[in-house]
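The values are calculated or read from the model by the stated rules, or taken from the named source; none is laboratory data. Treat the numbers as computed from the prediction; the structure is a model and nothing was measured. Virtual Cβ from ideal backbone geometry, glycine too; neighbours counted across all protein chains shown. When the accessible area is computed, the model is the full protein with side chains, heavy atoms only, and any ligands, DNA or RNA have been set aside. Shrake-Rupley method; radii C 1.70, N 1.55, O 1.52, S 1.80 Å.
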Amino acid sequence: MSEENGTLLSVRELRTYFETEDGTVKAVDGVSFELKRGETLGIVGESGSGKSVTNLSLLRLVPQPPGRIVSGEVLFNGEDIFALSEGEMRKIRGKRIAMIFQDPMTSLNPFMRISKQLMEITQLHLGHTRAQAYERAVEMLETVGMPDARTRARSYPHEFSGGMRQRVMIAMALSCEPELLIADEPTTALDVTIQAQILELIKELKRKTGTSVILITHDLGVVAGMTDHIIVMYAGKVFEQATTRELFACPGNPYTKGLLRSVPDPSHEEGTELYQIPGLPPDVARLPPGCPFAPRCERAEEICRREYPPFVQLNHDHHSLCHFAREVYDKSCHERESRKPAQEFTLNAPQSDSPATEQNQ
Amino acid sequence: MSSTPQEHRNAPLPPPVSAQNSSEGNDQVLIAIRDLKVHFDLGGGTLLERVAGGARVRRVVKAVDGVSIDIYEGETLGLVGESGCGKSTLGRAVLRLTEPTSGQVLFNNRDLARLSKAEMRGERKNLQMIFQDPYASLNPRMTVGQIIAEPIETFRLARGKETDDRVRDLMETVGLSPRFIKRYPHEFSGGQRQRIGIARALAARPKFIVADEPISALDVSIQAQIMNLMERLQRERNLTYLFISHDLRAIRHVADRVAVMYLGKLVEIADAKVAYDEPLMPYTKALISAVPVPDPEVEIARKRIVLEGDVPSAINPPSGCPFHTRCPYRIEACREVVPPLVEIKPKHFAACIRISPEQPYIEQVAPGDAPGLSSTGRVIAR
Ligand SMILES: Nc1ncnc2c1ncn2[C@@H]1O[C@H](COP(=O)(O)OP(=O)(O)O)[C@@H](O)[C@H]1O
Ligand SMILES: Nc1ncnc2c1ncn2[C@@H]1O[C@H](COP(=O)(O)OP(=O)(O)O)[C@@H](O)[C@H]1O
Ligand code: SF4
Ligand SMILES: [Mg+2]
Ligand SMILES: [Mg+2]
């Protein structure tokens with residue numbers, strides 16, 4: 001159950017629907033996955049595919065109404081999340097499972113010093129005294145790389161840049177040493193340079209604390225370097241699930257392949273035209289019968305428009321929702337072998353330690 | 001001749017930069033930007049600063065601070081840099097949507113920066129803009145048809161039925177069904193709204209378009225659609241783009257050349273692929289090394305330059321090289337000398353005192369050396 005390297009989180013057949021004017025929106029529709037202790041799971045997909053709602057459901061934070069968790073099971077450390085009282089749930093949220101969002105301002109109180117906001121968490125969850133909580137707050141700000149943490153702890157959120165605010169959020173999220181950190185598009189609003197800082201920080205903190213992470217992002221580059229496993233979502237469903245290496249090497253779903261090919265990237269470049277998935281992300285209130293991706297799919301045939309596809313097992317730890325999963329998978333693996341090796345990027349890095357030595361002179 | 005940094009600074013304004021040839025070999029300059037500056041005066045400082053510094057203390061944001069570059073007909077010039085570096089301000093100043101403080105923008109041998117309002121209105125139809133957030137830039141109370149027709153009517157390019165035909169044509173060109181001509185912007189998705197913005201920008205048959213982060217708010221699959229659309233339109237209509245984006249992968253794909261901006265200054269100019277594969281200036285190196293690559297094998301093996309801190313404030317920019325506060329290669333002299341933009345390799349310009357045409361690779365420069373200080377490289381901008 002909760003041994004080393006055991007399963008931390010298990011989600012089974014989760015369904016979360018919204019009642020709207022347009023009818024029932026099946027935002028999350030039968031999602032299952034597992035997360036092992038110490039691992040990082042990436043969730044990718046276009047906007048509206050149900051990534052955020054999946055994670056809000058785990059924490060029972062779906063606004064209700066219009067939302068409703070229709071069915072499914074979420075086991076955290078073997079404990080059934082949906083069977084807990086609201087009081088017990090509050091003890092898990094923020095303490096054992098913490099969450100950070102794209103826009104830190106939505107979760108920071110603009111009128112409160114950040115020291116106070118950090119202190120409230122450990123006072124609530126760990127029973128810290130004011131003095132203990134203050135020391136912990138400063139320590140956490142130092143951990144996330146806030147220069148001059150003791151002084152800056154007294155600042156208000158608006159006095160920080162976007163990157164610094166995200167660091168404050170991470171400090172808050174990690175102050176109770178949670179077993180699971182859910183990061184929902186944590187770097188989407190940031191510049192690449194600041195994104196690199198935040199991703200390095202998450203990696204380093206993960207190494208130190210062994211926290212498991214769910215990383216939601218629409219950027220396939222980000223998941224490539226950060227995760228062990230990936231699930232690809234489309235229209236509220238898991239379209240593909242695999243280890244990160246396997247997913248990039250041999251995608252077994254036309255949607256995943258399309259996403260990968262639409263990213264302009266030197267090592268994937270084929271012609272001058274960039275591959276484009278035609279059409280628009282689906283309107284979840286009006287899904288076509290059969291495969292929800294069929295109207296945009298290159299490979300679609302009659303059967304796709306008629307019948308819902310099977311979730312095919314392709315490898316030990318690799319599944320794809322597609323009538324032609326096996327064929328797509330074999331083709332990708334074959335293409336991978338015949339492709340030229342990925343470009344080396346190390347030439348961009350400074351050589352060994354020369355710059356640092358100069359600075360010390 | 002060995003010139004000191006002071007000599008660089010006092011050098012006469014560079015001759016037209018015709019050697020920055022576009023990669024296509026087409027060297028017909030469409031827009032020539034010369035020492036362009038846009039400074040925003042924020043008024044006096046805080047009370048304390050005014051007491052300390054007397055009446056002379058004013059807080060000025062040097063959003064664009066001496067930019068010189070040629071944009072060639074038919075090319076896509078990519079403009080990259082972190083947010084707050086002045087990309088949008090530069091784009092707007094070129095079109096004179098923001099008044100430049102000084103400098104020139106030559107188009108058709110006329111200095112746009114000095115045209116009267118009326119003369120500028122005449123040129124306006126040649127110079128259009130596409131915005132990041134199409135929603136904010138489209139009037140919510142106008143139908144798609146009215147939005148696209150507006151420039152046609154403003155510039156009196158057609159009337160009545162002919163206008164209507166043109167609007168329908170434009171909608172088809174950008175991949176929108178003319179059936180939607182009576183719909184309002186809110187009824188469309190982000191990608192479709194960007195198509196409306198593009199159709200509107202095309203309506204006056206411009207020669208030059210500034211596209212300010214046109215794909216940043218869109219999903220990857222939709223980004224690919226918009227990039228392909230813009231490339232196709234460029235081929236069909238011989239358009240010239242200034243394509244602003246913080247997405248270096250996208251820039252590498254769409255741009256012929258790329259200019260890198262830092263705190264109001266251009267710090268590197270090169271062919272897009274060269275800049276991406278072999279950046280010379282440390283800031284560009286850091287930017288490119290920060291871009292995540294969608295390939296786990298590459299990501300795992302990769303050494304990344306993680307820059308410390310944020311872009312410094314444009315109100316009190318660092319002395320010397322604007323990048324020195326974050327540069328892993330800085331030496332003492334970087335604090336004092338403003339590096340000129342020098343042609344380090346053919347058609348590849350960079351502003352860094354620690355490299356020179358003789359020693360282009362900073363990794364190979366001896367610790368503490370600054371070959372750029374004594375080099376004879378051709379300077380194109382201070
Ligand atoms: N509060 C809500 N009311 C109605 N529909 C909602 C609400 N929240 C989310 N949805 C719908 O659920 C679907 C999935 O949304 P979300 O999980 O936020 O997508 P993602 O995070 O993948 O972009 C979308 O179609 C969205 O419109
Ligand atoms: N109208 C304005 N008044 C004062 N400052 C401005 C104005 N517009 C932009 N700035 C400042 O100029 C700098 C460059 O901004 P901008 O051109 O928007 O950068 P970018 O597009 O690269 O993010 C920033 O410091 C910004 O705050
Ligand atoms: S001039 Fe100095 S600080 Fe600026 S980029 Fe070169 S080495 Fe770095
Ligand atoms: Mg989301
Ligand atoms: Mg901008």
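If you place +1 on the Cβ of every Lys and Arg, -1 on the Cβ of every Asp and Glu, and leave all else neutral, what size is the dipole of the stretch A:143-276 about its Cα centre, to the nearest 20 Debye?
520 debye
Using just the Cα positions, wrap the protein assembly as shown in a convex hull and report its mean projected area in square nanometres, one decimal place.
Values: hull surface 142.2 nm².
Taking the Cα atoms of the protein assembly as shown, their convex hull projects to 35.5 nm² on average.
Using every Cα-Cα pair within the stretch B:261-313, state what percent have a distance larger than 15 Å.
55 percent
Rounded to a whole number of µm²/s, how large is the Stokes-Einstein D of the stretch B:171-253 at 37 °C and 0.692 mPa s, given Rh as the Kirkwood radius over C-alpha pairs?
Details: Rh = 13.3 Å.
It diffuses with D of about 247 µm²/s by this estimate.
If you take each beta carbon of peptide A:219-230 and count the beta carbons of other chains within 10 angstrom, what is the mean?
Partner-chain Cβ atoms within 10 Å, mean over residues of A:219-230: 4.
Nearest 5 percent is fine: what portion of the DSSP beta bridges confined to the protein assembly as shown is antiparallel?
65 percent
Name the long-range amide H neighbours of B:MET261: under 5 Å, sequence gap of 5 or more, or other chain; modelled H, no Pro or chain starts.
Under 5 Å from the amide H of B:MET261 lie the amide H atoms of B:VAL80, B:GLY81, B:VAL267, each far enough along the sequence or on another chain.
Across the stretch A:1-71, how large is the tail of the calculated P(r) beyond 16 Å, expressed as a percent of all Cα pairs? Don't skip to the end; give the middle numbers.
Working: 1299 of 2485 pairs.
Cα-Cα pairs of the stretch A:1-71 separated by over 16 Å account for 52 percent.
Net charge around A:GLU159, counting only other residues with Cβ within less than 12 Å of its Cβ (Lys, Arg = +1; Asp, Glu = -1)? Don't skip to the end; give the middle numbers.
Working: positive: A:ARG113, A:ARG152, A:ARG154, A:ARG165; negative: none.
It works out to a net charge of +4.
How large, in Å, is the stretch A:109-148 by the Kirkwood hydrodynamic radius built from its alpha-carbon pairs?
Result for the stretch A:109-148 stands at 10.2 Å.
Roughly how many percent of the accessible protein surface of the stretch A:14-145 is carbon and sulfur, given a 1.4 Å probe and a whole-percent answer?
Working: 3060 of 5980 Å².
Within the stretch A:14-145, the accessible surface is 51 percent carbon and sulfur.
Amide H to amide H, which residues 5 or more places from B:VAL60 or on other chains are under 5 Å from it, using H placed in the peptide plane?
Residues meeting the amide H criterion: B:LEU42.
Run the helix sum for the protein assembly as shown: -39,500 (n - 2.57) per DSSP H stretch of 4+ residues, divided by residue count, reported at 222 nm to the nearest 500 deg cm²/dmol.
Details: 26 runs with 243 residues, N = 743.
Per the formula, -9500 deg cm²/dmol.
Nearest 100 Å², what total accessible surface is buried between chain B and chain A (probe 1.4 Å)?
5100 Å²
With a probe of 1.4 Å, find how much accessible area the stretch B:150-193 has per residue, and write the answer as a whole number in Å².
With all protein chains present, the stretch B:150-193 gives 61 Å² per residue.
Using Cα-Cα distances under 8 Å and only pairs 6 or more residues apart, what relative contact order does chain B have, in percent? Show your work: numbers first, answer last.
Working: 717 pairs, mean separation 76.8, N = 382.
It comes to 20 percent, rounded to a whole number.
Based on the alpha carbons, how large is the Rg to Rh ratio for the stretch A:193-235 when Rh follows Kirkwood?
Taking Rh as the inverse mean 1/r over Cα pairs, Rg/Rh reads 0.98.
Amide H neighbours of A:VAL28 under 5 Å, counting only residues 5+ apart in sequence or on other chains, H built in-plane at 1.01 Å?
For A:VAL28, the qualifying residues are A:THR16.
Can you give the Rg to Rh ratio of the stretch A:174-256, both from alpha-carbon atoms, with Rh computed by the Kirkwood formula?
Rg/Rh for the stretch A:174-256 comes to 0.98.
What FRET efficiency would be calculated for the residue pair B:ASP111, A:MET89, taking the C-beta separation as r and a Förster radius of 60 Å, to the nearest 0.05?
0.35
Over the stretch B:263-382, what is the relative contact order in whole percent, taking alpha-carbon pairs under 8 Å and six or more residues apart?
25 percent
Per residue, how large is the accessible surface of chain A? Use a 1.4 angstrom probe and give square angstrom.
44 Å²
How big is the stretch A:1-151 by the Kirkwood estimate over distinct Cα pairs, in Å?
Every distinct Cα pair counted, the radius reaches 17.7 Å.
Using a 1.4 Å probe on the heavy atoms of the protein chains only, list every residue of the stretch B:216-252 that has 30 Å² or more less accessible area in the complete assembly than in its chain alone.
B:ASP219, B:VAL220, B:SER221, B:ILE222, B:ALA224, B:GLN225, B:ASN228, B:HIS246, B:ARG249, B:ARG252
What is the mean projected area of the alpha carbon convex hull for the stretch B:212-310, to one decimal in square nanometres?
Orientation-averaged projected area of the Cα hull: 7.5 nm².
Holding the Cα-Cα limit at 28 Å, pick out from A:LYS51/B:LYS182; A:LYS208/A:LYS237; B:LYS207/B:LYS345; A:LYS203/B:LYS285; B:LYS37/B:LYS303; B:LYS62/B:LYS117 the pairs that are longer than that.
With Cα atoms farther than 28 Å apart: A:LYS51/B:LYS182; A:LYS208/A:LYS237; B:LYS207/B:LYS345; B:LYS37/B:LYS303.
How high is the relative contact order of the stretch B:105-195, in percent, with contacts defined as C-alpha pairs under 8 Å that are six or more residues apart?
The normalised contact order for the stretch B:105-195 reaches 32 percent.
Is there a quick way to get the dipole size of chain B? I mean about its Cα centre, with the Cβ of Lys and Arg at +1 and of Asp and Glu at -1; what is the value in debye to the nearest 20?
Roughly 1240 debye, rounded to the nearest 20.
Can you tell me what the convex hull of the Cα atoms of chain B projects to on average, as an area in nm²?
21.9 nm²
In nm, to one decimal, how far is the modelled label at A:GLU73 from the one at A:THR209, with both set 7 Å along Cα→Cβ?
3.0 nm
What helices does chain B hold that run 30 Å or longer along their axis, going by alpha-carbon atoms, with a Kyte-Doolittle average of 1.0 or more, using DSSP H for the helix calls?
Flagged H segments: there are none.
Once the Cβ-Cβ distance between B:SER102 and A:LEU124 is put in as r, and R0 is 51 Å, what FRET efficiency do you end up with, to the nearest 0.05?
With R0 = 51 Å, the Cβ-Cβ based efficiency is 0.35.
In square angstrom, what is the accessible area per residue of the stretch B:209-317 with a 1.4 angstrom probe?
Working: 2800 Å² over 109 residues.
Computed with neighbouring chains in place, this is 26 Å² per residue.
When the accessible area of chain B is computed with all protein chains present and a 1.4 Å probe, what percentage of it is carbon and sulfur?
The computed percentage sits at 49.
Taking every pair of distinct Cα atoms and averaging 1/r, then inverting, what Kirkwood hydrodynamic radius in Å comes out for the stretch A:254-333?
Values: mean 1/r = 0.0719 Å⁻¹.
Radius from the Kirkwood sum: 13.9 Å.
Please compute the net charge surrounding A:GLU46, taking Lys and Arg as +1 and Asp and Glu as -1 over other residues with Cβ under 11 Å from its Cβ.
Working: positive: A:LYS51, A:ARG296; negative: B:ASP219.
Neighbourhood net charge equals +1.
Quick one, can you get me the convex hull of the C-alpha atoms of chain A expressed as volume per residue in Å³?
Output value, Cα hull per residue: 176 Å³.
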